[in-house]
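Notes follow the structure.
The values are calculated or read from the model by the stated rules, or taken from the named source; none is laboratory data. Note that the coordinates shown come from a computational prediction; the quantities given were computed from them, not determined experimentally. Reconstructed Cβ throughout: ideal geometry from the backbone, glycine too, with neighbour counts over all protein chains shown. Just the protein is used for accessible areas: all its heavy atoms, side chains included, with ligands, DNA and RNA removed. Shrake-Rupley method; radii C 1.70, N 1.55, O 1.52, S 1.80 Å.
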Amino acid sequence: MTRRASALVGAVLVALAGGLAPSQAQTTPASALTAEQDHQLMLDRLKIKALRPGVDGYNSAAPNFVNQDEAKAGPFSLLPDPLAFPDGRPVATPDDWWKRRRPELVELFSREEHGRVPKHTPAVRWRIVSEKHDVRNGVAVLERRLAGDLDNRAYPAVSVSLDLLLVTPEGKGRRPLVLEFGFPDGAPWMKGRPAPPGPDWRDLVLARGWGYAILDPTSVQPDNGAGLSRGVIGLVNHGRPRAPDDWGALRAWAWGAGRVLDFLATDPAVDDRRVAIEGLSRYGKAALVTMAYDQRFAAGLVASSGEGGAKLHRRKRGEQLENLAASGEYHWMAGNFLRYAGPLTVDDLPVDAHELIALCAPRPLFISVGNDQADGWVDSRGMFMAAVAAGPVYRLLGARDLGVTAFPEPLTLVADGELAFRQHEGGHTPGPNWPYFLDFASRYLERP
Ligand code: GCU
């Protein structure tokens, strides 16, 4: 039997076996700390006395009110060069990149920013929770709700079950698919509200004959510091606090997306070599992290990802590194990352966001952002600059970069190469950029 066929049989057997419902996931071990306690523990461990505070996005009278003045935004220090080895020698060939420079950058990002994925992670057993044939906007689809149960025999106090919605057009053939980090049952804040104007991305995807899937990242890893003793991080650590280079939630969410891709490789309705990943805001950061580390993902839509996403850390505009290091967001990152919010500074960081984008090269990546008034926290220009600075790596690998270096007017589509950028008319949403992204992605995903 081929690997794909045997995995398929395994998935079906697991599906038939039944088991826990997704809602029963995430039990709490007795030793749970609050986010503040866990955060403090990490600071003690790193011998950090105090962190610099982040910027305030709300109170314009606050002394640390967020900067939106481009003249004060920089970056005022040199960005690390993705195409220079630590001793200064140039990275001259694709071979230099693949064999030495890329692994070097992966190591730096893992150690200092996102944390390491443990050597041994729990096996996932997928089962079908429910399944129905439906018609969505005129397209006949098979809609499946799947649960990916993690093997927790080594630490039964924590159980984790990945929650996935998978919708594929009926009919033969393996299709491209867009995987979203999001809400399989719809965003909670949209309940009872009218749908936003414009076409729904899911309908646009189906209209192309592609499938879509939505993974709830919080079913992989809760979205708070208190949850670090649970989720896949808590399961692997047996409920104990993280070491400074252990993975944070972004890396754990990306790991979850990788397990979804493993499953999709066993599904006759999906072509796992043509799967794009998408996310907004914190999930936009996760989509970029997924693309950067897992080269099986064929394309990415990274929406309003901001600080910790596509935005240069070294930019003094919008959200700052110090915000990420505070107790409300530090769980996204590795513990080591807190060091750069005191005593070290952002200029000591050996990497920056352009190199995270470069890790996606030469695969197509679309960086999306809303208008500056409604989406200023994410620093659109800082994300554009990072995409420009990733360009040399795309070019080294024979791909095309953005093709422009001057910050484009809002609504300008920059998408002639494998890196794309567009500021849309809306706010903190991928919404208006979906048709542009799908056109861009179809250049790659609709190739046989
Ligand atoms: C906060 C946070 C951002 C994050 C956003 C979100 O605004 O500062 O970094 O992207 O939440 O995910 O909604």
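Data overview
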item	result
Top-ranked residue of the range 367-404 - restricted to ones that are open to solvent by less than 10 Å² (accessible area, probe 1.4 Å) and polar (S, T, N, Q), ranked as farthest from Phe421 (Cα to Cα)	Ser380
Residues of the range 279-308 that turn out to be within 8 Å of the chain's Cα centre (by Cα) and either surrounded by fewer than 24 Cβ atoms within 10 Å (Cβ to Cβ) or within 14 Å of the ligand (Cβ to nearest atom) (or both), as a count	10
Verdict on Gly342 being open to solvent by less than 10 Å² (accessible area, probe 1.4 Å) and either of a type in the set (Asp, Glu) or within 16 Å of the ligand (Cβ to nearest atom) (or both)	no
Breaking point among (1) touching a residue at least 12 places away in the same chain (Cβ under 8 Å); (2) under 27 Å from Ala286 (Cα atoms); (3) touching a Lys or Arg at 6+ places or on another chain (Cβ under 9 Å), for Val91	(2)
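To keep it simple, each residue is scored yes or no on (1) in contact with a Lys or Arg (Cβ under 6 Å, 6 or more places away or on another chain); (2) at pLDDT 95 or above; (3) part of a helix (DSSP H, G or I).
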{"residue": "Arg274", "(1), (2), (3)": "no, yes, no"}
{"residue": "Gly279", "(1), (2), (3)": "no, yes, no"}
{"residue": "Ala286", "(1), (2), (3)": "no, yes, yes"}
{"residue": "Met291", "(1), (2), (3)": "no, yes, yes"}
{"residue": "Phe297", "(1), (2), (3)": "no, yes, no"}
{"residue": "Val302", "(1), (2), (3)": "no, yes, no"}
{"residue": "Ser305", "(1), (2), (3)": "yes, yes, no"}
{"residue": "Gly308", "(1), (2), (3)": "yes, yes, no"}
{"residue": "Arg314", "(1), (2), (3)": "no, yes, no"}
